[in-house]
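The values are calculated or read from the model by the stated rules, or taken from the named source; none is laboratory data. Here the structure is a predicted model, which is why all the values come from computation and not from measurement. Note: ideal-geometry Cβ built from the backbone for every residue, glycine included; neighbour counts use all protein chains shown.
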Amino acid sequence: MSNSKRLTTPSELVAQGLVTAASLATLERVAERYAVSVLPAIARRIDRDDPMDPLARQFVPSAAELELAPEEASDPIGDAVHSPLPGIVHRYPDRVLLKPTHVCPTYCRFCFRRESVGPSGPTLRSAELDAALAYIEARPRIFEVILSGGDPLVLSPRRLQQILSRLDAIAHLGALRIHTRVPVVDPDRVCDALLAALRTRKALWVVVHTNHVRELDDRAVAACAKLSDAGVPLLAQSVLLAGVNDSAQDLEALYRQLVRMRIKPYYLHHADLAPGTRHFRVSLEHGRELLRELRGNVSGLCQPTYVLDLPGGYGKVPVGPMHVRPGERSGEWIVEDRMGHAHVYPPRTAERS
């Protein structure tokens, strides 16, 4: 397959052996509703002999996407409720999302914005960007701006640098953050021009989205190393996905590799109620058990915060396992150790003596 050819139609996926010809008509119906793009860096890592390949499951469309559950919604986390103008989502007092584009290098089959992202999605016009930046500048309580979308790193380095420079000039901002799939799915984009664009006076963090250790091949590792070597601190966010990473072994392998790559696991998202994604969702109970198992087996560097983004626009809440509960006496707590054994805290020293 050509190094530059992305696969954007079911017919191209059939030609590359990623789906069967028998599924073509059904997948064309999927592609009419949701954007498709499988990049060469991902396609070459997919095991075509494994019907449950975790990379194919994330990036290759399937008939299951046509099955809609009643609880699913086109705006599953309520972005629209908190969007006062194009390109801005202001859900929390001290930070805002700035979405300069709705284009991504590849389209995840579980994406919570799958109804709005795609090659025909809007990119902010100059006047809309000016209005968005004016909104941020007029609100001194905003400490952090998160560039999201779409994927901000699909913008040209020149365009990205223009946006970051304008944010850099807003005095009350303390931090900038970029959420991206690019270093993993399109590592060649991490070039000298991009690294130059990311130089800011303010603290700038890049949050890399990755869900399975097999996404992190040598080229992805090298792209992330370029960012780290350029002084860009890296975090990672993942989504808990059935058939992809819903075992403690899968998560442990992913998080250990990320830490080796100088990337701190940040968030593990419970999958959102996006249309046609029921086949990806696990139960909260299962997710909590996975995090409980991780707590006993890997270091704190490998521990993300397990979060649920509440439908309706109410924001993220931690939903990981609880290791402490009130005891029988005032001021007393029952605390579980990593083996699941319960201990009274503070210890009942008077009764021991």
Subset of segment 132-141 (residues that are crowded, with 16+ Cβ neighbours inside 10 Å and within 22 Å of His102 (Cβ to Cβ)) = Ala132, Leu133, Tyr135, Ile136
Of the residues in segment 114-149, those that are in a loop (DSSP other than H, G, I, E, B), more than 16 Å from Phe59 (Cβ to Cβ) and within 23 Å of the chain's Cα centre (by Cα) number 10
Tell me, please, whether a residue that is acidic (Asp, Glu), in contact (Cβ under 8 Å) with a residue 24 or more places away in the chain, touching a Leu at 6+ places or on another chain (Cβ under 7 Å) and surrounded by fewer than 18 Cβ atoms within 10 Å (Cβ to Cβ) can be found in segment 62-70.
-> no
Subset of segment 204-226 [among the acidic types (Asp, Glu) and part of a loop (DSSP other than H, G, I, E, B)] = Asp217
Here are some conditions: (1) closer than 30 Å to Ser62 by Cα; (2) surrounded by fewer than 18 Cβ atoms within 10 Å (Cβ to Cβ). Tyr306 meets all but one. Which one does it not meet?
-> (2)
Exactly one of Ala271, Ala222, Ala248 is of a type in the set (Gly, Ala, Ser), buried (at least 19 other Cβ atoms within 10 Å of the Cβ) and at pLDDT 95 or above, and that one is Ala271
Quick one: count up the residues across segment 163-203 that are of a type in the set (A, V, I, L, M) and in a helix (DSSP H, G or I).
-> 11
Could you say whether any residue in segment 53-60 is in a strand (DSSP E or B), touching a Leu at 6+ places or on another chain (Cβ under 7 Å) and surrounded by 12 or more Cβ atoms within 10 Å (Cβ to Cβ)?
-> no
Is it the case that Leu13 is out of contact with any Leu (no Cβ under 6 Å at 6 or more places or on another chain), in contact (Cβ under 8 Å) with a residue 40 or more places away in the chain and not assigned by TED's automatic domain parsing to the domain that holds His269?
-> no
Counting just the residues of segment 229-245 that are closer than 17 Å to Ala203 by Cα and in contact with a Leu (Cβ under 7 Å, 6 or more places away or on another chain), which one comes out surrounded by the fewest Cβ atoms within 10 Å (Cβ to Cβ)?
-> Ala230
Determine whether segment 302-313 contains at least one residue that is touching a Cys at 6+ places or on another chain (Cβ under 8 Å) and of a type in the set (Phe, Trp, Tyr).
-> no
Among the numbered conditions (1) on the phi > 0 side of the Ramachandran plot; (2) in contact with a Ser or Thr (Cβ under 7 Å, 6 or more places away or on another chain), tell me where Leu155 comes up short.
-> (1)
Is at least one residue of segment 343-352 hydrophobic (A, V, I, L, M, F, W, C), assigned to a loop (DSSP other than H, G, I, E, B), exposed (fewer than 11 other Cβ atoms within 10 Å of the Cβ) and not assigned by TED's automatic domain parsing to the domain that holds Val239?
-> no
Failed condition for Arg57, given (1) of a type in the set (D, E, K, R); (2) modelled with pLDDT of 95 or more; (3) touching a strand residue (DSSP E or B) at 6+ places or on another chain (Cβ under 7 Å), with all others met?
-> (3)
For segment 296-320, name all the residues that are farther than 30 Å from Val81 by Cβ and modelled with pLDDT of 90 or more.
-> Asn297, Val298, Ser299, Gly300, Leu301, Cys302, Gln303
Checking Ala274, Ala342 in turn, the sole residue that is farther than 15 Å from Gln237 by Cα, small (Gly, Ala, Ser) and in contact with a Cys (Cβ under 8 Å, 6 or more places away or on another chain) turns out to be Ala274
Grab the strands (runs of 3 or more DSSP E) fully contained in segment 253-321, keeping just those with 1 or more residues being under 20 Å from Arg109 (Cα atoms).
-> 263-270, 305-310
For Leu129, indicate whether it is crowded, with 16+ Cβ neighbours inside 10 Å and either without any contact (Cβ under 8 Å) to a residue 24 or more places away in the chain or closer than 28 Å to Ala223 by Cα (or both).
-> no
Can you tell me which residues in segment 71-87 are surrounded by 21 or more Cβ atoms within 10 Å (Cβ to Cβ) and over 17 Å from the mean Cα position of the chain (by Cα)?
-> Gly87
